[in-house]
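The values are calculated or read from the model by the stated rules, or taken from the named source; none is laboratory data. What you are looking at is a predicted structure, and each value in this text was computed from that prediction instead of being measured. Cβ: placed from backbone, ideal geometry, glycine included. Neighbour counts: every protein chain shown.
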């Protein structure tokens, strides 16, 4: 039996289904990629982590619930 290639499938509760597209200039993308590489994670993970922190701070300042923390 041949080995299956690629990452194993994630459970639906773990897998991410939503996609957000953003436009960047080349220097922004290069900077984000460099920071992600330095952190040892994918650029997608790096951007998501940073956006979560920023969104949580802003929502808390407004006295709002942070949906992804509940």
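Summary table below
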quantity	calculated
Some residue of the range 32-39 being under 22 Å from residue 70 (Cβ atoms), modelled with pLDDT of 95 or more and exposed (fewer than 11 other Cβ atoms within 10 Å of the Cβ)	no
Any pair with Cβ under 7 angstrom, 6 or more apart, that starts in the range 38-57 at a residue that is touching a residue at least 24 places away in the same chain (Cβ under 8 Å) and on the phi > 0 side of the Ramachandran plot and ends at one that is surrounded by 13 or more Cβ atoms within 10 Å (Cβ to Cβ) and not in a helix (DSSP H, G or I)	none
Filter pass, residue 58 being exposed (fewer than 12 other Cβ atoms within 10 Å of the Cβ) and modelled with pLDDT under 95	no
